[in-house]
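The values are calculated or read from the model by the stated rules, or taken from the named source; none is laboratory data. Since the structure is predicted, the reported quantities are computational estimates derived from the model, not experimental observations. Don't worry about glycine lacking a Cβ; one is built from the backbone with ideal geometry, like all the others, and counts go over all protein chains shown. The area values use the complete protein model at the heavy-atom level, side chains included, leaving out ligands, DNA and RNA. Shrake-Rupley method; radii C 1.70, N 1.55, O 1.52, S 1.80 Å.
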Amino acid sequence: MSDQCGFFAQRRPGRPGLAVFVNAGDPPLDALGELVAMLDESDVDCLELAVPFPGSVTDGPVIRRSADRALAGGVTLDAVLDAVAAVRPGLRRLRIALLADWSHTVKGMALGDFTRAVADAGCDGLLLHGLPPRLRAAQYEAAALAELPLVSTCYAVSDAATVAEAARVASAYVYLVAHYGRSGTSAAPDGALVGAALAALRATARVPVAVGFGVRSRGDIDALEELGADAAVVGSAGVARIERALAEGRDPVSEFAAFVGELRRPVLALRAGPGLDALRSRRKQTTSS
């Protein structure tokens with residue numbers, strides 16, 4: 001386990017929390033070790049790692065294509081959990097929140113068995129997408145038994161009861177979706193709406209609040225920090241960089257490292273190129289020893 005006590009625990013003024021989204025298997029799962037090691041050394045707090053599923057109604061074309069590439073490569077839940085279990089012991093501070101879709105990935109399994117498998121693999125948190133409301137109480141109980149923190153979600157325009165519920169059940173962090181729409185197709189967050197929702201969540205939430213959708217740059221992250229967000233979630237913008245690297249025959253981990261550098265400047269010291277090469281060298285030495 002990492003040495004921090006919770007998600008985004010190392011945030012401070014001028015250094016808001018940062019989560020990045022990646023579909024497991026895009027880049028290929030055999031690159032996950034290199035990817036998470038880079039993130040671990042690159043001032044990133046959380047990897048939202050999705051078990052790929054097709055036709056997401058909340059995602060735009062960039063993330064949908066990413067999921068399709070991963071699924072075409074044969075990525076399954078078991079393969080993802082095995083990959084997490086393999087890389088988790090080497091991480092110092094990066095936390096991994098698994099995102100899984102109820103209908104595609106979990107339906108047909110006992111919630112207790114699924115949740116325990118996620119916890120046993122070493123995931124630090126779970127965001128269950130599309131869970132039917134009738135099963136929420138069972139999921140909360142299963143997570144408590146497995147001692148697996150949960151990520152809850154709500155929208156900046158959600159009603160007061162929904163916001164209060166998200167604050168009550170979250171034990172990892174609250175994912176505040178800045179506005180309706182599909183990922184990668186949304187405008188920048190509306191400051192007034194997001195600020196009001198953050199204030200409502202902060203009144204009762206016991207965990208950090210991270211804001212996503214429409215977050216693409218360091219400027220967007222800084223603006224969210226000014227509104228009171230504990231962290232920002234960056235998805236489609238980073239996935240697009242992976243897609244471009246794959247299409248052009250370049251290393252997607254190097255490209256993603258460069259993107260993370262843009263998000264973290266001027267704090268981030270690691271860059272693509274020599275810094276990533278040094279990281280790879282250290283990983284090879286560790287593996288061979």
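Test each condition in (1) buried (at least 24 other Cβ atoms within 10 Å of the Cβ); (2) closer than 18 Å to Asp124 by Cα; (3) not aliphatic (A, V, I, L, M) for Pro27 and report the one that comes out false.
Condition (2) is where Pro27 drops out.
So which residues in region 167-182 are of a type in the set (D, E, K, R) and either open to solvent by less than 40 Å² (accessible area, probe 1.4 Å) or at pLDDT below 95 (or both)?
Arg182
Give the residue, chosen from Leu127, Leu135, that is surrounded by 15 or more Cβ atoms within 10 Å (Cβ to Cβ), at pLDDT 95 or above, outside any helix (DSSP H, G or I) and of a type outside the set (Val, Ile, Thr).
Leu127
Here are the criteria: (1) closer than 23 Å to Arg250 by Cα; (2) open to solvent by 10 Å² or more (accessible area, probe 1.4 Å); (3) not aromatic (Phe, Trp, Tyr). Tell me which single one Gly55 does not satisfy.
Tallying (1) closer than 23 Å to Arg250 by Cα; (2) open to solvent by 10 Å² or more (accessible area, probe 1.4 Å); (3) not aromatic (Phe, Trp, Tyr), Gly55 fails exactly one: (1).
So which pairs qualify, if the first residue must be in region 110-127 and acidic (Asp, Glu), the second must be assigned to a loop (DSSP other than H, G, I, E, B) and open to solvent by 10 Å² or more (accessible area, probe 1.4 Å), the Cβ gap must be under 8 Å, and the two must be at least 6 apart or on different chains?
Pairs found: Asp124/Met1; Asp124/Ser2; Asp124/Phe7; Asp124/Pro149.
Taking region 140-166, which residues are in contact with a strand residue (DSSP E or B) (Cβ under 6 Å, 6 or more places away or on another chain), in a helix (DSSP H, G or I) and open to solvent by less than 30 Å² (accessible area, probe 1.4 Å)?
Ala143, Val163, Ala166
Any residue at all in region 73-87 that is surrounded by fewer than 16 Cβ atoms within 10 Å (Cβ to Cβ), on the phi < 0 side of the Ramachandran plot and at pLDDT below 95?
No, every residue in region 73-87 fails to be surrounded by fewer than 16 Cβ atoms within 10 Å (Cβ to Cβ), on the phi < 0 side of the Ramachandran plot and at pLDDT below 95.
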